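K.L.:
My structure is below; once you've seen it, I'll send some questions.
The values are calculated or read from the model by the stated rules, or taken from the named source; none is laboratory data. Remember, it's a predicted structure, so these values are computed and weren't measured experimentally. Cβ: placed from backbone, ideal geometry, glycine included. Neighbour counts: every protein chain shown. Quick note on the areas: whole protein, heavy atoms, side chains included, nothing else; ligands and nucleic acids left out. Shrake-Rupley method; radii C 1.70, N 1.55, O 1.52, S 1.80 Å.
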Amino acid sequence: MNDLAPSVASSPSATVLLLRSDPQASAFADEAFDPAFVLAAFDQPVTVIFADAGRARLFESAGSAAVLSATGAALLSRLAEFGLADIRVCDPPAELPDPVQALDRAELRELLARAARVLGD
């Protein structure tokens, strides 16, 4: 589908932040991003992946017609402020906002296998 990001594909120190939980399920949902923000502040490569129920952080519904929510747009803006531009959605809706890229399950497995660190919520 899409090529893997050069930062993850070529860097042995790349980190993946995998967000799979519903943000409503935890009072600490926003804290999942803290390690990625710290790494990005020190110019370390980080790939942020939204999968399964974690897609609700960006989209209003889980179906193929999902629409970027206001909180999702704010989150993307916040990620961009920290320089986190490698953002992926596993099994995404038809349309994705910039800079978000689609990722299928096979690509997810490959990306996770190459990552030096995988953090999650």
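K.L.:
Restricting the search to the range 97-111, which residues are open to solvent by less than 30 Å² (accessible area, probe 1.4 Å) and either more than 14 Å from ALA80 (Cβ to Cβ) or of a type in the set (D, E, K, R) (or both)?
P.N.:
ALA102, LEU103, GLU107, LEU108, LEU111
K.L.:
Does PHE33 qualify as being at negative phi, aromatic (Phe, Trp, Tyr) and touching a residue at least 24 places away in the same chain (Cβ under 8 Å)?
P.N.:
For PHE33, the condition - at negative phi, aromatic (Phe, Trp, Tyr) and touching a residue at least 24 places away in the same chain (Cβ under 8 Å) - is met.
K.L.:
Restricting to the range 62-79, and then to whatever is modelled with pLDDT under 85 and open to solvent by less than 50 Å² (accessible area, probe 1.4 Å), can you tell me which residue is nearest to the chain's Cα centre (by Cα)? Outline the logic, then answer.
P.N.:
Looking only at the range 62-79, we keep the residues that are modelled with pLDDT under 85, and these are 62-66.
From what is left, the residues that are open to solvent by less than 50 Å² (accessible area, probe 1.4 Å) are 63, 66.
Values: GLY63: 18, ALA66: 16 Å.
The residue in question is ALA66.
K.L.:
If only one of ARG105, ARG109 is of a type in the set (D, E, K, R) and touching a strand residue (DSSP E or B) at 6+ places or on another chain (Cβ under 9 Å), which one is it? Before the answer, list the steps.
P.N.:
Numbers: ARG109 fails: touching a strand residue (DSSP E or B) at 6+ places or on another chain (Cβ under 9 Å).
Result: ARG105 is the single residue among ARG105, ARG109 that is of a type in the set (D, E, K, R) and touching a strand residue (DSSP E or B) at 6+ places or on another chain (Cβ under 9 Å).
K.L.:
Listed residues PHE28, PHE82; which is open to solvent by 60 Å² or more (accessible area, probe 1.4 Å) and more than 14 Å from the chain's Cα centre (by Cα)?
P.N.:
PHE28
K.L.:
Can I ask one more? Checking the structure you have, find out if any residue of the range 70-90 is in contact with a strand residue (DSSP E or B) (Cβ under 8 Å, 6 or more places away or on another chain), within 17 Å of GLN24 (Cα to Cα), without any contact (Cβ under 8 Å) to a residue 60 or more places away in the chain and among the polar types (S, T, N, Q).
P.N.:
no
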